[in-house]
Structure formats: C-alpha cells, structure tokens
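Enquirer: Dumping the structure here so I can ask a few things about it.
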C-alpha cells in the first residue's frame, strides 16, 4: 500500500488518503460530507419539482387565456 493511499472501509479498494468519497463504491468517508451531498440533492429535486409546477401553471394560463382571446377575436371578426 502506498503512503498516500488507504483502503476504503466499505469496499476495501485503494483510494487516496485525502479522498472524501470513494471513487469505487461512492461512499463518503466523512458523515458531514454525506449530509451536505444529500441536502444538495434534496434542494435540487425540490427546485426541479417547483419549476415543473410553475411551467404547468404557465401553460394552463396560456391555454385558458389564449383560448379566451382567440374566441373573442373570432367573435369580433365574424360579428
């Protein structure tokens, strides 16, 4: 074993001693780093869900108000 390498406690593969995450199994060496990564994933997922909901609301408004405007235009043109 090299001086600057250690064995991962989860998969026993050789990794750098300064590694925060095992490149082989993906486990974090430090629980705090794992917590930060999970928190970032949650924020990204929630942001993605909120953005999708906003886009749906925008499209619903476009369809409803676009239809109303088109119907009004057709009424004006053919009256």
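Enquirer: What is the one condition in (1) part of a helix (DSSP H, G or I); (2) touching a strand residue (DSSP E or B) at 6+ places or on another chain (Cβ under 7 Å) that residue 23 does not satisfy?
Expert: (1)
Enquirer: Next question, about the same structure. It is to be established whether one or more residues within the stretch 6-20 are at pLDDT 85 or above, in a strand (DSSP E or B), in contact with a helix residue (DSSP H, G or I) (Cβ under 8 Å, 6 or more places away or on another chain) and surrounded by 10 or more Cβ atoms within 10 Å (Cβ to Cβ).
Expert: Scanning the stretch 6-20 turns up no residue that is at pLDDT 85 or above, in a strand (DSSP E or B), in contact with a helix residue (DSSP H, G or I) (Cβ under 8 Å, 6 or more places away or on another chain) and surrounded by 10 or more Cβ atoms within 10 Å (Cβ to Cβ).
Enquirer: Oh, and also: Between residues in the stretch 14-30 that are closer than 15 Å to residue 4 by Cα and residues that are modelled with pLDDT of 90 or more and outside any loop (DSSP other than H, G, I, E, B), which pairs lie under 7 Å by C-beta distance while being six or more apart or on different chains?
Expert: 14/5; 14/7; 15/5; 15/6; 16/5; 17/5; 17/6; 22/15
The values are calculated or read from the model by the stated rules, or taken from the named source; none is laboratory data. Keep in mind that this is a model prediction, so the values were computed, not measured. Counting neighbours? That spans all protein chains shown, and the Cβs are built from the backbone with ideal geometry, glycine included.
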